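The values are calculated or read from the model by the stated rules, or taken from the named source; none is laboratory data. Predicted, not measured: the structure shown is a model, and the values here were computed from it. Here Cβ is always computed from backbone atoms with ideal geometry, including for glycine, and neighbour counts include all displayed protein chains.
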Amino acid sequence: MTTFDTSDVSSSAHSCDTLIRNVFLVDGSGNDPVVADVAIAGGRIAAIGALGDWQAQQVMDGTGKVLSPGFIDVHTHDDTNVIRMPDMFPKLSQGVTTVVVGNCGISASPVTLKGDPPDPMNLLGQSTAFSYPTFASYVAAIGAARPSVNVAALVGHTALRSNHMDRLDRAASDAEIVGMREQLTEALEHGALGLSTGLAYGNAINAPTGEVLALAEPLAEYGAMYATHLRSEFADILVAMDEAFRIGKHARVPVVISHLKCAGVENWGRSSEVLAALEQAEKHQHVGCDCYPYTASSSTLDLKQVTDTYPIQVTWSEPHPEQGGKLLSEIADAGRRGVPLHGRRRRQSHPEPSGHRDRFRWTAE
Ligand SMILES: [Zn+2]
């Protein structure tokens, strides 16, 4: 919400472009909602209150509706969507007016691919979607696309690794970290919000803490932050949180733990322990988290996470598109019965641990 005038405006005639009458107003301040009229002039809020004598070119009846500032979707993978589909209806229709992209170690920029995007960068699109070798070029593309939502971008650690390393199943060398830092610094100079990691994923899990510590050092100078998809959301979640806090402390920047959750049936019920650890860390440094508003989760297909303790649904598969929407257990049963999968490989029923494109989702029941 920008400027508005709450002074007594009822005594004199005013005009504005748009007048929303009798709306349930949640203004984002934390105050109790009120029913009010809202006047908009020149793209700004001109007045809020009982605006009975105001005139407007457009008058809207807000009875029974809620008016609030736009929502910020802090955890998205909309990096290329904001350019490919700038109307962004899926977000705008839910009231989202700002998206934070570049989460979980994967970002559309700065990226120079050598082939197919490494897992899970393929969530952002195929190789043709990655045409931003510098952050400045990404900023220019956003400027040209003029998406209907604001965009704030993180730079992904896995994206930087992919730019500088021949293999991602090892630690980066000192020289490679220098190269990654240079690209991160270029991005920060052009307005990047910070650095993200996805240390649980196969293409980042072999990055030791020291690699991220060194990479994160330029952040503070730019007032940037560190967001992380933890190395583990399963039994080792507290250890992974400690690693995140250590990185934030070393870099002297705020830490956001992405989609904080206790994953795996044997880990359910530990939320109070996890939140206590977050509150404890908060005494010494800036920490926060985001979380899903639903009891399910999605990821790329990873054998380490495959279990029969809850349903896993394959949402899409490039080699076997006909399996999209099916439960992994159904596909496995069909495989056992010898039902052909309309292809030579039966990848979903015997998934490889990483580096491919199937996705699955599991539901917490
Ligand atoms: Zn993630």
- request: Consider only pairs whose beta carbons are under 8 Å apart and that are at least six residues apart or on different chains; among these, list those whose first residue lies in segment 244-273 and is modelled with pLDDT of 95 or more and in a helix (DSSP H, G or I) and whose second residue is of a type in the set (D, E) and more than 15 Å from the ligand (Cβ to nearest atom).
  value: H250/E217; A251/E217
- prompt: Restricting attention to segment 197-228, which residues are farther than 15 Å from I177 by Cα and in contact with a Leu (Cβ under 7 Å, 6 or more places away or on another chain)?
  reply: L199, A200, N203, I205, Y222, A224, M225, Y226, A227, T228
query: Is there a residue in segment 245-262 that is away from the ligand (no atom under 16 Å from the Cβ) and farther than 30 Å from R181 by Cβ?
result: no
Segment 275-328 - residue that is under 23 Å from L124 (Cα atoms), acidic (D, E) and surrounded by fewer than 18 Cβ atoms within 10 Å (Cβ to Cβ) and, of those, modelled with the highest pLDDT: D290
field: Residue check for P110: part of a loop (DSSP other than H, G, I, E, B), over 21 Å from A216 (Cα atoms) and touching a helix residue (DSSP H, G or I) at 6+ places or on another chain (Cβ under 9 Å)
entry: no
field: Lone unmet requirement of (1) in a loop (DSSP other than H, G, I, E, B); (2) crowded, with 17+ Cβ neighbours inside 10 Å for D87
entry: (2)
- request: Hey, can you tell me all the residues within segment 202-218 that are away from the ligand (no atom under 16 Å from the Cβ) and assigned to a loop (DSSP other than H, G, I, E, B)?
  value: N206, P208
field: Subset tally (residues that are surrounded by fewer than 20 Cβ atoms within 10 Å (Cβ to Cβ) and either within 16 Å of the ligand (Cβ to nearest atom) or assigned by TED's automatic domain parsing to the domain that holds Y310 (or both)) for segment 219-235
entry: 2
- prompt: Can you name every residue in segment 49-83 that is touching a residue at least 60 places away in the same chain (Cβ under 8 Å) and among the charged types (D, E, K, R)?
  reply: D78, D79
query: Out of segment 280-314, which residues are within 24 Å of A332 (Cβ to Cβ) and part of a strand (DSSP E or B)?
result: A296, S297, S298, S299, T300, I312, Q313, V314
task: Please indicate, with yes or no, whether at least one residue in segment 165-174 is on the phi < 0 side of the Ramachandran plot, buried (at least 20 other Cβ atoms within 10 Å of the Cβ) and not in a loop (DSSP other than H, G, I, E, B).
output: no
Residue under evaluation N103, criteria (1) away from the ligand (no atom under 16 Å from the Cβ); (2) assigned by TED's automatic domain parsing to the domain that holds A200; (3) out of contact with any Gly (no Cβ under 7 Å at 6 or more places or on another chain); (4) not small (G, A, S), criterion not met: (1)
- prompt: Quick check, is T80 hydroxyl-bearing (S, T, Y) and within 16 Å of the ligand (Cβ to nearest atom)?
  reply: no
message: Quick check on P117: is it over 30 Å from G28 (Cα atoms), within 16 Å of the ligand (Cβ to nearest atom), assigned by TED's automatic domain parsing to the domain that holds A153 and assigned to a loop (DSSP other than H, G, I, E, B)?
response: yes
message: away from the ligand (no atom under 16 Å from the Cβ), touching a Leu at 6+ places or on another chain (Cβ under 6 Å) and modelled with pLDDT of 95 or more: which single residue out of V96, V59 fits that description?
response: V59
field: Filter result for V287 (touching a helix residue (DSSP H, G or I) at 6+ places or on another chain (Cβ under 8 Å), within 16 Å of the ligand (Cβ to nearest atom) and closer than 25 Å to L213 by Cβ)
entry: no
message: For segment 162-201, give me the residue count where each residue is within 19 Å of the chain's Cα centre (by Cα) and either within 16 Å of the ligand (Cβ to nearest atom) or under 11 Å from L219 (Cα atoms) (or both).
response: 13
